[in-house]
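Notes for the one structure printed next.
Each reported figure results from applying straightforward, stated rules to the coordinates on display, with no laboratory input. Since we're looking at a predicted model, the values are computed, not measured. Counting neighbours? That spans all protein chains shown, and the Cβs are built from the backbone with ideal geometry, glycine included.
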Amino acid sequence: LAQTKSLINEEMDLPSLQKLILTEAQRAGLTVMSWQPGLETSTENYIQRSFDLEVKGLYFRLLTFFQRMANSSKIIKIEEFDLTAPNTTQKYVELAVKMKLLAYRYNASKADDIASESTKLTSTPPG
């Protein structure tokens, strides 16, 4: 449980998450066309929030963005991905990409209370 908690943050600060994703897209050289926060769903161990993101850019810039997301301290998954290229005869083709991103945060549960109580009992000196 402690290992899982260390991987998934307990808080999801939407403004900072939005700033992270949009800044990394721009740093990679992508043009952000649209950003739309979606629904939040809950499971026993985590809460997931979806985001729809549309960007335009060159293929290698898209790969740079994916690499930056993979190296982020946040757990962000690309759930859906739609890539289109316009019909063009230009040397460099700008791709249009629509994707659904999923971000995760830890969902505290009764197991946390039990683990916390167990830690308190074992760390209390006898007496």
**Report entry** Highest-first arrangement of 52-63, 77-88, 28-39, where packing means the average Cβ count within 10 Å
**Finding:** 52-63, 28-39, 77-88
Report task. Mind putting a number on the dipole of region 35-83 about its Cα centre? Charges go on the C-beta only, +1 for Lys and Arg and -1 for Asp and Glu, and I need it in Debye to the nearest 20. Result -> 360
